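The values are calculated or read from the model by the stated rules, or taken from the named source; none is laboratory data. Nothing here was measured: the structure is a model prediction, and the numbers come from that model. No Cβ is skipped: glycine too gets one built from the backbone with ideal geometry, and neighbour counts run over all protein chains shown.
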Amino acid sequence: MDASHAHEHPDLDRCREILVQLNDYADGELGADLCRELEQHLAECPDCRAVYDTLTGTIRIYHSLRDLPLELPPGIEERLLRHITHVEK
Ligand SMILES: [Zn+2]
């Protein structure tokens, strides 16, 4: 597809951090400060928000994002997901 992005990625490493914390966040186990950071990132990052929406829309939140068995609807940023889930198999 087109290599140019309609939006800017703040930072893929940052996204990884955020998405790992997303599990705790969804479980309500994240500290208030981290929650704020995370929410701010979600507000700025459509990719992470898409993942978050998917996570929360999924019946169950899994604690290990690396094993993330999510069935993502087509159109979600698979490119980014490949980065962040970083499957080693
Ligand atoms: Zn992000």
* Asked: Between residues in the stretch 20-44 that are in a loop (DSSP other than H, G, I, E, B) and residues that are within 12 Å of the ligand (Cβ to nearest atom) and not aromatic (Phe, Trp, Tyr), which pairs lie under 7 Å by C-beta distance while being six or more apart or on different chains?
  -> Leu30/Gln21; Leu30/Leu38
* Given the structure, is Leu68 of a type in the set (A, V, I, L, M, F, W, C), away from the ligand (no atom under 15 Å from the Cβ), at pLDDT below 85 and buried (at least 17 other Cβ atoms within 10 Å of the Cβ)? -> yes
